[in-house]
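*Asks:* Here's a structure for you.
The values are calculated or read from the model by the stated rules, or taken from the named source; none is laboratory data. Because the structure is predicted, anything quoted here is derived from the model rather than measured. Positions of Cβ are generated from backbone atoms using ideal geometry, with glycine treated the same way; all protein chains shown enter the neighbour counts.
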Amino acid sequence: MYVLVVAAAVIMILLIALFQKHQLKGRIYIAVIHYTGEETMENIVRSFGKIKYFIKSQTARKDSTEMAVELFFKKYDPLFLERLRAVNGVQDATLIQYNGEYHG
């Protein structure tokens, strides 16, 4: 009986360690981008390069559009936000680290 408990505890510890290691491999960020112009969205997506992304929402206003994008960084690039702001038509960009929790 005790052997079964010890075996279950060892398996649980290994699973927790595996999940924690997997979580630390990459980081998820939410980018909120305000831009103008129709072709600007294509240029924004091109600026992501090989970064895995999902467009979460787009809100169109009279003269500008707001886009929320989920980005998966294996290793964070500190110059990413500057490259994004350099795209012609981008008014501003905000990058927020997302860990799956939201209290609001």
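*Asks:* Kindly provide the set of residues from the stretch 1-40 that are in contact with a strand residue (DSSP E or B) (Cβ under 7 Å, 6 or more places away or on another chain), over 20 Å from LYS74 (Cβ atoms) and not hydroxyl-bearing (Ser, Thr, Tyr), ordered by number.
*Replies:* Correct list: VAL32, ILE33, HIS34.
*Asks:* Here is a follow-up. Does the stretch 37-94 hold any residues that are in a strand (DSSP E or B) and under 16 Å from ARG27 (Cβ atoms), and which are they?
*Replies:* LYS52, TYR53, PHE54, VAL69, GLU70, LEU71, PHE72, PHE73, THR94
*Asks:* To continue, here is another question. One residue is enough: does the stretch 2-23 have a residue meeting the conditions assigned to a loop (DSSP other than H, G, I, E, B) and modelled with pLDDT of 90 or more?
*Replies:* No - not one qualifying residue is present in the stretch 2-23.
*Asks:* I've got another one for you. SER64 - would you say it is among the polar types (S, T, N, Q), in contact (Cβ under 8 Å) with a residue 24 or more places away in the chain and at negative phi?
*Replies:* yes
*Asks:* Given the conditions (1) surrounded by 10 or more Cβ atoms within 10 Å (Cβ to Cβ); (2) within 16 Å of the chain's Cα centre (by Cα), and given that ALA17 satisfies all but one, which numbered condition is not satisfied?
*Replies:* Among (1) surrounded by 10 or more Cβ atoms within 10 Å (Cβ to Cβ); (2) within 16 Å of the chain's Cα centre (by Cα), ALA17 violates only (2).
*Asks:* Consider ALA68 carefully, then state whether it is surrounded by 10 or more Cβ atoms within 10 Å (Cβ to Cβ) and more than 15 Å from the chain's Cα centre (by Cα).
*Replies:* Values: surrounded by 10 or more Cβ atoms within 10 Å (Cβ to Cβ): yes; more than 15 Å from the chain's Cα centre (by Cα): no.
Here the answer is no, as ALA68 does not meet what is asked.
*Asks:* Taking the conditions exactly as written (at pLDDT below 90 and either more than 13 Å from the chain's Cα centre (by Cα) or closer than 15 Å to ASN43 by Cβ (or both)), does GLU101 satisfy them or not? Give the derivation first.
*Replies:* Working: at pLDDT below 90: yes; either more than 13 Å from the chain's Cα centre (by Cα) or closer than 15 Å to ASN43 by Cβ (or both): yes.
Yes; evaluated as a whole, the condition is true for this residue.
*Asks:* For the list (1) at pLDDT 90 or above; (2) surrounded by 14 or more Cβ atoms within 10 Å (Cβ to Cβ), I need the number of the one condition that ARG27 fails.
*Replies:* (1)
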